[in-house]
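The values are calculated or read from the model by the stated rules, or taken from the named source; none is laboratory data. Please read these numbers as outputs of a predicted model, since none were measured by experiment. For neighbour counting, all protein chains shown are included, and Cβ atoms are generated from backbone atoms with ideal geometry for every residue, glycine included.
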Amino acid sequence: MNELIFVQPVFHGKLWGGRRLETDFGYELPEGPVGECWAISAHPNGDCHIAGGPWDGYTLSQLWTEHRELFGNVEGDQFPLLIKILDAQDDLSIQVHPDDAYAYEHENGSLGKRECWYILDAREGGDIVVGQRAANREEFARMVDEGRWDDLLNRVPIAKGDFFQIDPGTVHAILGGTLVLETQQSSDVTYRVYDFDRRQPDGTLRELHIQQAQDVVDFDVKAPESGSVTTPEVDGVTHLVETPNYAVDRVVVRTDAPVTIAQPWPFLNVSVVEGSGTVEAGGKTFDLPKGTHFVAPVESGDLAFAGDMELVISHL
Ligand code: ZN
């Protein structure tokens, strides 16, 4: 029986970030605006340490490399997923990510980036950018050139509990006042299309990548109109999405309705995004305050959750 692997988040200061990772999640943050909590990550730009248990002090990438048996011996030279919490006090830049093939060829063998967002909180009347309206590369280039952002970008109203799947080639941006739990491929390749002409503290503009963006935008995809979740909740579990890279579920645990989840996967990522409770696995019980993240390795046994909390879980 393998013990649950609790990981410590890595934080990234961002111009567009805020302090809600401290006020809402109780994390100890570095100073200044913090935009990203890399909650479950083995990416070189933010490799989480394991806290407690038999692997205390290891990094997740080290575990992946040296103890692949914990992850069902799945193949791949890097832990394939990356779980983040984003605190967007201001708008993020308008961006698009490549798929695996394009990233491999143009970004030193990197993975592409498929991502998805579970909206943890949104401001009244808040929205988000998902998709674009140009029919082809030429029209896209013209609209960018002329700065017709309102015509080009598809804005969707958002509310707490919404969910968006962002495939590679989809133009997107999280806008101010939004807290998001992001599940994505472990990649850091972003092509910036527009940054609202904002200046950094040193007076410079952030670099744009219009050429690469035009290469990777998928002009055949229809932009969504809403992010509301329509799949039914069964025994506390709502399937949010299944893609070639990951599947993501929401789990709602109530004091009068504990939830037990089987763990038949090579590994399962679990994040406590609201409330608190406990999990019992392999005869051991662990406290789960809000903001806890763990990986249930292969053969960790069923996960018996109790308390009053909401989880986002993901697996390959
Ligand atoms: Zn993105």
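Could you grab me the full set of residues in the stretch 147-169 that are among the acidic types (Asp, Glu) and within 15 Å of the ligand (Cβ to nearest atom)? If the condition is that a residue be among the acidic types (Asp, Glu) and within 15 Å of the ligand (Cβ to nearest atom), then ASP167 is the only one that fits.
Each residue in the stretch 255-303 was checked for being surrounded by fewer than 15 Cβ atoms within 10 Å (Cβ to Cβ), of a type in the set (D, E, K, R) and either in the same structural domain as VAL10 (by TED's automatic domain parsing) or free of Cβ contacts under 8 Å to residues at least 40 places away in the same chain (or both), and 2 pass.
Of the strands (runs of 3 or more DSSP E) lying entirely inside the stretch 1-84, those containing at least 3 residues that are farther than 22 Å from GLN263 by Cα span 10-18, 34-40.
Residue-wise test of (1) among the charged types (D, E, K, R); (2) more than 21 Å from the chain's Cα centre (by Cα); (3) closer than 29 Å to VAL171 by Cβ.
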position	(1), (2), (3)
ARG19	yes, no, yes
GLY53	no, yes, no
LEU60	no, no, no
PRO80	no, no, yes
LEU86	no, no, yes
ILE94	no, no, yes
ASN108	no, yes, yes
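Evaluating ASP235 against the criteria (1) over 14 Å from the mean Cα position of the chain (by Cα); (2) farther than 30 Å from ALA304 by Cβ leaves one unmet condition, (2).
The set of residues in the stretch 181-192 that are within 11 Å of the ligand (Cβ to nearest atom) and of a type in the set (Val, Ile, Thr) comprises VAL189, THR190. Going through the stretch 47-90 one residue at a time, which ones are buried (at least 19 other Cβ atoms within 10 Å of the Cβ) and either of a type in the set (Gly, Ala, Ser) or within 16 Å of the ligand (Cβ to nearest atom) (or both)? Listed by number, the residues that qualify are LEU81, LEU82, ILE83, LYS84, ILE85, LEU86, ASP87, ALA88. Taking the numbered list (1) modelled with pLDDT under 95; (2) under 20 Å from ILE313 (Cα atoms) in turn, ALA51 passes all entries but (1).
Restricting GLN214, GLN132 to those that are within 15 Å of the ligand (Cβ to nearest atom), surrounded by 16 or more Cβ atoms within 10 Å (Cβ to Cβ) and either among the hydrophobic types (A, V, I, L, M, F, W, C) or touching a residue at least 24 places away in the same chain (Cβ under 8 Å) (or both) reduces the list to GLN132. For the stretch 226-251, filtering for residues that are touching a Ser or Thr at 6+ places or on another chain (Cβ under 8 Å) and free of Cβ contacts under 8 Å to residues at least 60 places away in the same chain leaves 4.
Identify, from the list VAL248, VAL253, VAL189, the residue that is among the aliphatic types (A, V, I, L, M) and in a loop (DSSP other than H, G, I, E, B). Full working, then the answer.
Numbers: VAL248 fails: in a loop (DSSP other than H, G, I, E, B); VAL253 fails: in a loop (DSSP other than H, G, I, E, B).
None of the other options fit; the residue is VAL189.
Of the residues making up the stretch 193-206, those that are assigned to a loop (DSSP other than H, G, I, E, B), more than 14 Å from the ligand (Cβ to nearest atom) and over 22 Å from GLY46 (Cα atoms) are PHE196, ASP197, ARG198, GLN200, PRO201, ASP202, GLY203, THR204.
The set of residues from the stretch 259-290 being closer than 20 Å to SER186 by Cα and not β-branched (Val, Ile, Thr) comprises TRP265, PRO266, PHE267, LEU268, ASN269, SER271. Residues of the stretch 103-115 that are away from the ligand (no atom under 15 Å from the Cβ) and in contact (Cβ under 8 Å) with a residue 40 or more places away in the chain: HIS106 alone. Count of the stretch 267-298 residues, restricted to those that are in a loop (DSSP other than H, G, I, E, B) and among the aliphatic types (A, V, I, L, M), is 1.
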